[in-house]
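Comments concern the structure below.
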Amino acid sequence: MPLAASTSYPVLDAFWTIFEIFAFVVWFWLLFVILMDVFRSRDLSGWGKAGWTIFVLFLPLIGILAYLIVRGRSMHERSAEQASQQEQAFRSYVQEAAGSPSSADQLAKLADLRQHGVISPDEFEQEKRKVLAAH
């Protein structure tokens, strides 16, 4: 008897199982994203957050679809705003950690560039005025 005929798990069943696993992972991911959005949302009251949480947990398919329909657009806006705030905080941290170079350091770099012929004496004077005016 061939091997394919002896199994009771046809290919269609394997594809169906893979689809079920994929659907479960997508549902779980959506549930996680929606709950994170609910608790990060500043425009929802405590009762609103509790209501959406209960709705999404106890009626998962209807709750997730309703949340995406009602608050889907603002989800993206809140996510973009949070990403912008994180980027701004990161940039300010990096600038603070790196520190701004002193005017003496900047002038020394400019003099080195002029000495190596990278910038002309006129460009050196212009940049020197900018550095001295900034500090």
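Taking a point 7 angstrom from the Cα of Leu68 along the C-beta vector, which residues in the stretch 35-50 have backbone N less than 11 Å away?
Under cut-off, by backbone N: nothing.
Mind checking the angle between helix 121-134 and the chain's longest principal axis? C-alpha axes, 0 to 90 degrees, to the nearest 10.
Result, in degrees: 70.
Take the Cα atoms of the chain, build their convex hull, and give its volume per residue in Å³.
276 Å³
Just to verify a number: FRET efficiency for Ala89 and Asp122, C-beta to C-beta distance, R0 = 41 Å, to 0.05?
The value I calculate is 0.55.
Bear in mind that the values in this text are calculations on the coordinates, not laboratory data. Being a predicted model, the structure only gives us computed values, none of them experimental. Here the Cβ is made from the backbone with ideal geometry for all residues, glycine too, and neighbour counts use every protein chain on show.
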